[in-house]
Amino acid sequence: MRDAPAILPDRGLADRISAALWRHPKIFLGLLLALPLLWLGVVYLGSLAALLLQSFYSIDEFSGVVKEEFTLKTYAELFRAQNLDIILRTLLMSALVTLACAVIAFPIAYFAARYARGRWKALFYLGVMLPLWSSYLVKVYAWKLILAKEGIVTWAADGVGLGFILNAVLALPGVGGNSLSTSPMGTFIVFVYIWLPYMILPMQASLERVPGSMLEAAADLGASGGQTFRTVILPLALPGVIAGSIFTFSLTLGDYIIPQIIGTSARFIGLAVYQLQGTAGNIPLAAAFAVVPIVIMLIYLTIAKRMGAFDAL
């Protein structure tokens, strides 16, 4: 007796489409990537192209109307004393913040990479990531209260008899001010706090790749702790340091909220762009200012790539 053939239900449209995509994986991949590539090409790269185009326009000094004519006049304005001062101030702050983050992050990342295990490593990641879970603005305004003249820092310094040191620091020209919350040093402190996790994590990932056998070999060959650090640990961890500096440097370079809330009225590139395109209405000059960090980061990323920094990301 022969078995009756199985009767399969009719395939619906969804089944036929699924089968067709399974037979043509390249089409399936293209459909998956279509929306992200459209976003990247139109919204992101398109906005950058529009920004670059507007930076070659100029603004009429009498009417305030943007003249849509190709000119380098706007870029020439960047070399005026007040605008060049903004660029140099931003570069100096970005470099100092990056250097401070690297110095502070290295021992933390080294301990996590070489000694933390199990529960301690979980606590390390929790401690590093926890500040990132809170609102950016909340943290900045909290630091404004902490660094204020009546804040906890001044109270603690006076309480332990070190108020004269704080007052001496605030009296330094170019660094101090009426209080930490209205001084360049306060801006620096908040920048370091906000961006420090972005330096710790890449550095920790890079240090974990340093073989323990190389440290043992250096010790067997009679190298001191300092020699081991200079000749073994630091060269192997350098890609992670550079990878972290990409984040800290670029984020400081373009930030406009911290300088607006903490520190003096001195402008940084991000704040200048915000004010020029907002209250001043000088969109061409704002666009030219916005191009400056892009050019700086392209140069920085090229150097970082040659040093193998992307291997630590």
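The values are calculated or read from the model by the stated rules, or taken from the named source; none is laboratory data. All values derive from a computational prediction rather than experimental measurement. We place every Cβ from the backbone using ideal geometry, glycine too, and count neighbours over all the protein chains shown. The area values use the complete protein model at the heavy-atom level, side chains included, leaving out ligands, DNA and RNA. Shrake-Rupley method; radii C 1.70, N 1.55, O 1.52, S 1.80 Å.
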Checklist entry - Among the residues of the range 249-257, is there at least one that is modelled with pLDDT under 85 and assigned to a loop (DSSP other than H, G, I, E, B)? => result no
Checklist entry - If you scan the range 251-287, which residues turn out to be open to solvent by less than 50 Å² (accessible area, probe 1.4 Å), touching a Lys or Arg at 6+ places or on another chain (Cβ under 8 Å) and not β-branched (Val, Ile, Thr)? => result PRO259, ALA266, PHE268
Item to check | Test: ILE294 is within 22 Å of the chain's Cα centre (by Cα), assigned to a helix (DSSP H, G or I), surrounded by fewer than 18 Cβ atoms within 10 Å (Cβ to Cβ) and of a type in the set (Val, Ile, Thr) | outcome: yes
Checklist entry - Counting only residues that are open to solvent by less than 40 Å² (accessible area, probe 1.4 Å) and closer than 13 Å to VAL192 by Cα, how many does the range 226-249 have? => result 4
Next on the checklist: Show the residue pairs meeting these rules: Cβ distance below 6 Å; 6+ apart or different chains; first residue within the range 43-69 and farther than 14 Å from ASN282 by Cα; second residue outside any strand (DSSP E or B) and open to solvent by less than 80 Å² (accessible area, probe 1.4 Å).
Outcome noted: none
Checklist entry - Within the range 85-94, is even one residue in a loop (DSSP other than H, G, I, E, B) and open to solvent by 70 Å² or more (accessible area, probe 1.4 Å)? => result no
Checklist entry - Within the range 223-241, which residues are closer than 22 Å to LEU301 by Cβ and either outside any helix (DSSP H, G or I) or in contact with a Ser or Thr (Cβ under 9 Å, 6 or more places away or on another chain) (or both)? => result LEU236, ALA237, LEU238, PRO239, GLY240, VAL241
